[in-house]
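A short worksheet on the structure shown next.
The values are calculated or read from the model by the stated rules, or taken from the named source; none is laboratory data. In this text, all values refer to a predicted model and were calculated from it rather than measured experimentally. Virtual Cβ from ideal backbone geometry, glycine too; neighbours counted across all protein chains shown. The protein model used for the area step is the full one, side chains on, heavy atoms only, and it has no ligands, DNA or RNA in it. Shrake-Rupley method; radii C 1.70, N 1.55, O 1.52, S 1.80 Å.
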Amino acid sequence: VSDAGDPSVSSVLVGSGAGAYPVLVGEGLVAHLPDLLREYAPAHRYAVVSDDNVAALYGEDAVDRCRRDGMTADLFSFPHGEASKTREQWSILTDRMLAAGLGRDAAMVALGGGVTGDLAGFVAATYLRGIPLVQVPTSMVAMVDASVGGKTGVDVRAGKNLVGAFHAPRVVLADPETTRTLPLEERAQGLAEAVKHGAILDDAYFDRLGEEAGPLMEGDVPATRSAVLRSVQIKARVVSEDERESGLRQILNFGHTLGHAIEAAASWSIGHGSAVAAGMVLEARLGEALGVTEAGTARRVTDTLTRFGLGTVPRGVVDEAAVLGFLGADKKARRGQPRYVLLERVGAVESTRGWSRDVPHAAVVALLAEAFGAETAADGVTT
Ligand SMILES: NC(=O)c1ccc[n+]([C@@H]2O[C@H](COP(=O)([O-])OP(=O)(O)OC[C@H]3O[C@@H](n4cnc5c(N)ncnc54)[C@H](O)[C@@H]3O)[C@@H](O)[C@H]2O)c1
Ligand SMILES: [Zn+2]
C-alpha cells in the first residue's frame, strides 16, 4: 500500500524546521514496510533498530521482508527497557553500524516503543552527522506521543532525556495492529497521554476515550486506530506550531509538573503515564483551588482516568516531602519556580498569563497535604 490510495490509512502532516513529514496511521503498514521505505526514505541500506522484545515480535520479520524484496537491511537489537536509553547503548549501536560499514547512503528504521524511538533517533541524528530516520512506533506511548515531534535523546545520571537532538523523521508509520501484543499495563501508560490530549484541546475526544476505555484496554484495533489518529492530530497541531517548546508546546506538559515530581519521588518505580495521570488529577484540583479551573473538572478527569486504572495518587509509594523536594528540581522550572499548565476546563488550557505559570507555593503545599494526608485522616490513623 501507498498511503494515497488506501482508505484505511490516514495521513497527518507535521510541520518541522527540517521540513514537514507525514504520520501514517493504519493497519498493515508494518507488513508493507519495504514499499513504504522505498517511497519515503529511499536508501541503499537500512538499519532496523529494535529492542529484543520487538525484534522477536516484528523486527526479524520486517528485515526478512525487506531482504526478500531485494533490499539490504540489518537488524540491530538491544536489551529492552529504559535502562538501555543511555550514551553507552548509543556507543554500542553506532560502533556496530560503523563495523557493518553503513555509510551516508543508509537510513535508520526505529521499530519499537519510545525507548527505541528516542535511542535509535539519537543514533540517526548523530551517525555520520545525521542519516534519514523512519519512526515505526509499536507501543501506545510511542504512537500517541514519542514518535511525533522530532525529539530524540538518552538519559544520563543527572536526569532523563538531558542529552539529545531534534531529528525529524522522514515519515512515521503507526500500525495499530502491532499494539495487540502490548501488555495491558503498557497500553494504559500511553492512554494516559491520550487522555491528556483530550483534556488540553478536545472535550469530545476526552469523552470518547472514557466511553471506549473498555475496547481500548482490550486492544480493540479500530478503537486503537481512532484514538491514535486523534492524538497524533492533536500533537501534530501543537508541535507544528511550536517545535522547540518556547510557546504552545508547553501545554503538552499538563499533569507533568507534579507527574515528574511524583515519578522521581517514586524512584521511577511507577510508570510515566501513571505518574502523569496522578499529576493531571492533582493539577486539575490545583486549578480549581486557585479559581482558574472550572469546578467539576478534577472530578471528570479522575472519572475518565479511573476507567483506565489510572489517576490514583500513589500514597505509600511516595510522600509529600519527597514530591515537594523534586518540584524545585524540575527541568522546566524558571529560576527554581516550577511552572504549571492549568486547565480552564476539559478541552481548554487557561492562557491569560501564557501557556504555563508559577503558582503560590502555599497552594501546592496545601494540595499535597490533602492528597497525601487525607486517607490517614479518614482511616482515623494518627501518626
Ligand atoms: N521523544 C518524545 O517526545 C517522547 C515522548 C514521550 C515519551 N518518550 C520516551 O519514551 C519512552 C517510553 O516509551 P515506551 O513506554 O514505549 O517504552 P519502551 O520502548 O520501553 O516500551 C515498553 C515495553 O513494551 C515493549 N513493547 C513495545 N512495543 C510492543 C509491542 N507491540 N508488543 C509487545 N511489547 C512491546 C517493549 O519491548 C518494552 O518492554 C521513555 O524513555 C520516554 O522518555 C519520548
Ligand atoms: Zn509524558
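Here are the numbers:
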read-out	value
Flag for Leu310 being assigned to a helix (DSSP H, G or I), among the aliphatic types (A, V, I, L, M) and open to solvent by less than 60 Å² (accessible area, probe 1.4 Å)	no
Hits in the range 325-338 - residues which are surrounded by fewer than 19 Cβ atoms within 10 Å (Cβ to Cβ) and either in a loop (DSSP other than H, G, I, E, B) or at pLDDT 95 or above (or both)	Gly328, Ala329, Lys331, Lys332, Ala333, Arg335, Gly336
Failed item, numbered, when Val195 is tested on (1) surrounded by 24 or more Cβ atoms within 10 Å (Cβ to Cβ); (2) more than 16 Å from ligand 2 (Cβ to nearest atom)	(2)
Filter result for Ala374 (at pLDDT below 90, assigned to a helix (DSSP H, G or I) and not hydroxyl-bearing (Ser, Thr, Tyr))	yes
Single unsatisfied condition, Val148 versus (1) surrounded by fewer than 23 Cβ atoms within 10 Å (Cβ to Cβ); (2) under 24 Å from Ser274 (Cβ atoms)	(1)
Out of Glu218, Glu211, Glu245, Glu241, sole residue that is free of Cβ contacts under 8 Å to residues at least 12 places away in the same chain and closer than 20 Å to Ala146 by Cβ	Glu245
All strands (runs of 3 or more DSSP E) inside the range 1-113 with 2 or more residues being more than 21 Å from Arg170 (Cα to Cα) and not aliphatic (A, V, I, L, M)	72-78
Selection count where residues are without any contact (Cβ under 8 Å) to a residue 60 or more places away in the chain, away from ligand 2 (no atom under 15 Å from the Cβ) and touching a helix residue (DSSP H, G or I) at 6+ places or on another chain (Cβ under 7 Å), scope the range 134-157	2
Verdict on Lys160 being out of contact with any strand residue (DSSP E or B) (no Cβ under 7 Å at 6 or more places or on another chain), open to solvent by 40 Å² or more (accessible area, probe 1.4 Å) and within 14 Å of ligand 2 (Cβ to nearest atom)	yes
Looking only at the range 209-256, and only at residues there that are away from ligand 2 (no atom under 16 Å from the Cβ) and among the basic types (Lys, Arg), the one that is most open to solvent (accessible area, probe 1.4 Å)	Arg244
